[in-house]
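Scroll down for the structure; my scribbles are underneath it.
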Amino acid sequence: MTTAVTAYAATSATEPLIKTTITRRDVGPHDIAFDIHFAGICHSDIHTVKAEWGVPNYPVVPGHEIAGVVTEVGSEVTKFKVGDRVGVGCFVDSCRECDSCRAGLEQYCNGAGGMIGTYNAVDKNGEPTQGGYSGAIVVDENYVLRIPDSLPLDAAAPLLCAGITTYSPLRHWKAGPGTRVAVIGLGGLGHMAVKLAAAMGANVTVLSQSLKKMEDGLRLGADQYFATSDPDTFTKLAGSFDLIINTVSANLDLNAYMGLLAVDGTLVQVGMPEHPMELFAAPMVVKRRSISGSMIGGIAETQEMLDFCAAHGVRPEIEVITPDYINEAYERVLASDVRYRFVIDTASLR
């Protein structure tokens, strides 16, 4: 048995997303069903829709920043009840048995089938997963997050990707009082990295191509703001940072940015450039610097992030739109014309 749900789907890499109907599975013993109230637009949605990370399984309903309210729970569900405020992020299942899953690192699942994405993946029943640009969803309770009451649902949605993508490396590399953190780029990910690092007590610097968002950056919690288009920036800031979070998906000269790290500093890549990057050994060898990567977070860490944001008043900067504006919103994301995250109000899809 399935339930018909209204959604917006991509049917090709070149056509606009269209309003359509999809089906959701019946609620199983360990499932919860919830009405989607808000869904964030992530640049990953656009990469997927436009087949920039490989050809997706069209039609695909994007959306992995999902917030809503529980409408039904399975007979063996213990974690949630009808009326709870909940969210779903970038994945809806994993093998549950590999070392990563047992360690709470489901995002790095290396079991059979690996992590099952919220959309453009195949679930354990062999059906394609479809995301949050829709009116409702059914998900196993073990992959659902509880949204604290003090977090508005519209603001909570982007935390489930943009929030955890930046929170996880900041926590892993121990950002906090006495640490110097630089954030490359002030977009959907970057603005969350600034807010979170500041809330953790770190000294925060924004490295952006120009100074046009400087007022925003300082308002969001940055202590300093520099333009990377100015060559003097790389001289002035040489050896300054313990941690650099690169949120940019463009191909930057990472060798120049490595020179900004102090001894034992780490540059963490969270943006995913389309093309290979060239990296020289010298900037790493001379100061024992490292380059690493980080991808979202596990379920427990994502819940920790939501609770942290609730406790510290951390919210994304959002622009709420209706579903019929999705295609225009995509164009604006590509033009960097959003401050800083679009969130779809899905009321008309419920």
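Below are the figures for this structure:
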{"quantity": "Of all residues making up the range 299-322, the number that are crowded, with 21+ Cβ neighbours inside 10 Å and either assigned to a helix (DSSP H, G or I) or not assigned by the TED database to the domain that holds LYS50 (or both)", "calculated": "4"}
{"quantity": "Residue within the range 166-188 that is modelled with pLDDT under 95, open to solvent by 10 Å² or more (accessible area, probe 1.4 Å) and at negative phi present", "calculated": "yes"}
{"quantity": "Some residue of the range 153-171 being part of a loop (DSSP other than H, G, I, E, B) and aliphatic (A, V, I, L, M)", "calculated": "no"}
{"quantity": "Selection count, the range 326-338, where residues are open to solvent by 70 Å² or more (accessible area, probe 1.4 Å) and either of a type in the set (Val, Ile, Thr) or under 26 Å from ARG350 (Cα atoms) (or both)", "calculated": "2"}
{"quantity": "Positions within the range 234-255 being among the charged types (D, E, K, R), surrounded by fewer than 19 Cβ atoms within 10 Å (Cβ to Cβ) and closer than 19 Å to ALA281 by Cα, in sequence order", "calculated": "ASP253"}
{"quantity": "Residue, farthest from VAL88 (Cα to Cα), within the range 267-277, restricted to residues that are among the hydrophobic types (A, V, I, L, M, F, W, C) and surrounded by fewer than 19 Cβ atoms within 10 Å (Cβ to Cβ)", "calculated": "MET277"}
{"quantity": "Candidate set: the range 75-112, residues that are more than 23 Å from the chain's Cα centre (by Cα) and among the basic types (Lys, Arg); chosen: the one modelled with the lowest pLDDT", "calculated": "LYS79"}
{"quantity": "Odd one out for ASP264 among (1) in the same structural domain as ARG171 (by the TED database); (2) of a type in the set (D, E, K, R); (3) open to solvent by less than 60 Å² (accessible area, probe 1.4 Å)", "calculated": "(3)"}
{"quantity": "Residues within the range 13-56 that are over 25 Å from GLY188 (Cβ atoms) and not charged (D, E, K, R), tallied", "calculated": "10"}
{"quantity": "Among (1) part of a strand (DSSP E or B); (2) buried (at least 20 other Cβ atoms within 10 Å of the Cβ), the one test that GLN130 misses", "calculated": "(1)"}
{"quantity": "Selection from the range 278-298 of residues that are assigned to a helix (DSSP H, G or I) and crowded, with 16+ Cβ neighbours inside 10 Å", "calculated": "PRO283, MET284"}
{"quantity": "Cross-chain or 6+ apart pairs with Cβ under 9 Å, the range 1-19 first and free of Cβ contacts under 8 Å to residues at least 60 places away in the same chain, then of a type in the set (A, V, I, L, M, F, W, C) and open to solvent by 70 Å² or more (accessible area, probe 1.4 Å)", "calculated": "ALA10/ILE18; THR11/ILE18; ALA13/VAL55"}
{"quantity": "Qualifying residue in the range 206-221 (condition: open to solvent by less than 10 Å² (accessible area, probe 1.4 Å), in contact with a strand residue (DSSP E or B) (Cβ under 8 Å, 6 or more places away or on another chain), closer than 24 Å to MET295 by Cβ and not assigned by the TED database to the domain that holds ARG332)", "calculated": "yes"}
{"quantity": "Some residue of the range 192-201 being buried (at least 22 other Cβ atoms within 10 Å of the Cβ) and among the small types (Gly, Ala, Ser)", "calculated": "yes"}
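The values are calculated or read from the model by the stated rules, or taken from the named source; none is laboratory data. Bear in mind that the values here come from a model prediction, so they are computed numbers and not experimental data. All Cβ positions, even for glycine, are placed from backbone atoms using ideal geometry, and neighbour counts span all protein chains on display. The accessibility values were calculated without ligands, DNA or RNA, using every heavy atom of the protein model including side chains. Shrake-Rupley method; radii C 1.70, N 1.55, O 1.52, S 1.80 Å.
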